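What follows is calculated from the coordinates using simple rules that are stated; it is not laboratory data. Fair warning: this is a prediction, and the values are worked out from it, not measured in the lab. In this analysis, Cβ positions are derived from the backbone assuming ideal geometry, glycine residues included, and neighbour counts consider all displayed protein chains.
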Amino acid sequence: DTNIREIIAQGKHYPRDFVEMMAMLNEGTLKAGEVEIYTGSTPTVACKDGDLFASSSGSMDGWGDVLERSYELIEEDVKYGWITPGTARIVYGAVTDDDGNIKIAESDKLRKEMRERRRKRSIDAKDWWKQERQVVLDKKWNEDARNMFADSCKYAKFRTQFYGMWQLPKEYSL
């Protein structure tokens, strides 16, 4: 229920991502009957002509250490409303004032404490690998993870990497 068809008919640009979509909504250029934002897994969303859908990474894996995210970027995230000050603190180790500005000294101290907690609960990589390999051998995942691995193993490249990583026997299957 957006006015995207009108925007396109007027020769104006349409939003290329979530950031532009939200900016256009905030400035009133883009109108929507309803806006839904999911912070977890996105359910199946039925879209009809004129609806817009944006997806962004959950930044769970492979994007670097969250404690190394720059304070400037976190501050921007808070000010744009993409994350709350509580999320900035818990996830990124960044403490903000009431205006969303990062308190550098407090944040540096918190990040140091968070790194120390990580160090205390960490285990040797060889021990971690052995534990995780046993999970793979026993197939002790939740149903979604099991289905993802089973589906991904249909592709030769993934299967080769997966079997290689966990040193799985040829007869292993999902």
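A compact table of results
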item: Using θ = phi - 60° and Karplus 6.51 cos²θ - 1.76 cosθ + 1.60, couplings along the range 84-99 (whole Hz; Gly, Pro as x); result: 8, x, x, 5, 4, 6, 5, 8, 9, x, 10, 9, 10, 8, 5, 9
item: With at most 12 other Cβ atoms within 10 Å, longest stretch of the chain clear of loop trypsin sites (Lys or Arg not before Pro) (DSSP); result: 49-139
item: Charge dipole of the chain about the Cα centre (unit charges at C-beta), most positive-ward option of 122, 168, 80; result: 168
item: Three-way shape label, the range 34-135, alpha-carbon gyration tensor, a/c 1.5; result: oblate
item: Most mobile listed residue (17, 124, 98) in the chain, GNM with C-alpha springs under 10 Å; result: 124
item: Relative contact order computed over the range 92-160 (Cα-Cα under 8 Å; 6+ residues apart), in percent; result: 16
item: Loop-located chymotrypsin sites (Phe, Trp or Tyr not before Pro) in the range 77-174, at most 16 other Cβ atoms within 10 Å (DSSP); result: 82, 141, 155, 172
item: Given the chain, longest segment not containing exposed loop GluC sites (Glu not before Pro) (DSSP; at most 11 other Cβ within 10 Å); result: 37-170
item: Dipole magnitude of the chain about its Cα centre (Cβ charges: Lys, Arg +1; Asp, Glu -1), debye to nearest 20; result: 1160
item: Note, ³J(HN,Hα) from phi for the range 153-164, Karplus 6.51, -1.76, 1.60, rounded to Hz, x at Gly and Pro; result: 6, 5, 9, 3, 4, 5, 4, 4, 5, 5, 5, x
item: Cα gyration tensor, the chain - rounded (a/c under 1.5), prolate or oblate; result: oblate
item: Phi to ³J(HN,Hα) by Karplus 6.51 cos²θ - 1.76 cosθ + 1.60 over the range 17-33, Hz, x for Gly, Pro; result: 7, 4, 4, 5, 4, 5, 4, 5, 5, 5, 7, x, 5, 9, 10, 9, x
item: Under-5 Å amide H pairs with residue 96, H placed in peptide plane, nonlocal only; result: 103
